[in-house]
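Read through the structure below, which is laid out as structure tokens, and then see the notes.
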Amino acid sequence: MSAGQGQEATEYDIVSLTSVIDSRAHMVTDVELSSPHAMRMGRYEALCGHLIAPAPLIEPDGARCPRCDELDRALRPARQRVRRNRGLGRLRT
């Protein structure tokens, strides 16, 4: 039994990488970026399933992959706004 089973889904950091093959900006998880097999090959599996070879990171992102955008929105939990007291209002008792 792995340590992660039975717990809520882990939130991953997601990075946008432009593929040299289709010139689209695909979303890739931090887990995929740091996996040994992907680092050896220099290709990473995007959320949409495409195996991408990233373009140089100094180039601007290409057009966004619509499937990656859709999956990215589904993976990210709805964030609740945190209400914070600001300024002198928080000093009042």
The listed residue being surrounded by 10 or more Cβ atoms within 10 Å (Cβ to Cβ) and either at negative phi or modelled with pLDDT of 95 or more (or both), out of Ala63, Ala74: Ala63
Filter segment 30-43 for residues that are modelled with pLDDT of 90 or more, surrounded by 15 or more Cβ atoms within 10 Å (Cβ to Cβ) and touching an Asp or Glu at 6+ places or on another chain (Cβ under 7 Å) and give the result. Glu32
Enumeration of residues in segment 31-57 that are under 11 Å from Thr18 (Cβ atoms) and either not in a loop (DSSP other than H, G, I, E, B) or not small (Gly, Ala, Ser) (or both): Ile52, Pro54, Pro56, Leu57
Selected residue (criterion: farthest from Thr29 (Cα to Cα)) from residues of segment 44-60 that are crowded, with 17+ Cβ neighbours inside 10 Å and out of contact with any helix residue (DSSP H, G or I) (no Cβ under 6 Å at 6 or more places or on another chain): Ala55
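The values are calculated or read from the model by the stated rules, or taken from the named source; none is laboratory data. Since the structure is predicted, the reported quantities are computational estimates derived from the model, not experimental observations. Here the Cβ is made from the backbone with ideal geometry for all residues, glycine too, and neighbour counts use every protein chain on show.
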